[in-house]
Amino acid sequence: MAKPNALQAVLDRAKAGGSDTPAAPPTIATPAAKPASSGRQGTKLIGGHFAPEVSTQLRIIAAEEGTTVQNLLTEALDDLFVKKGRGRIARSV
């Protein structure tokens, strides 16, 4: 038979007419809300699912160039916009 937990023991004593006053239930800590990163305010996430090799290649290029995948994607999107006759609007965050 499983060992009863502390709450069950208090309930069992109360049911048996014990004089113990049930203790207040334990407080469960909730994580504090993280403040929104100022770098992400006013932005929207754009994503897609690609083969793992795409992620690896992007990370390798970013490391070789001393930049981030975010900056590489910004550059790629701006190049696409220009190719399609739109202006460069992507910006690094």
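Read the figures in this text as sums done on the coordinates, not as results from a lab. Because the structure is predicted, anything quoted here is derived from the model rather than measured. Positions of Cβ are generated from backbone atoms using ideal geometry, with glycine treated the same way; all protein chains shown enter the neighbour counts.
Worth pointing out:
- Complete set of residues in region 56-93 that are surrounded by 11 or more Cβ atoms within 10 Å (Cβ to Cβ), outside any helix (DSSP H, G or I) and among the β-branched types (V, I, T): T67, T68, V93
- With respect to being free of Cβ contacts under 8 Å to residues at least 12 places away in the same chain and either of a type in the set (K, R) or touching a Ser or Thr at 6+ places or on another chain (Cβ under 7 Å) (or both), R91 falls outside the description.
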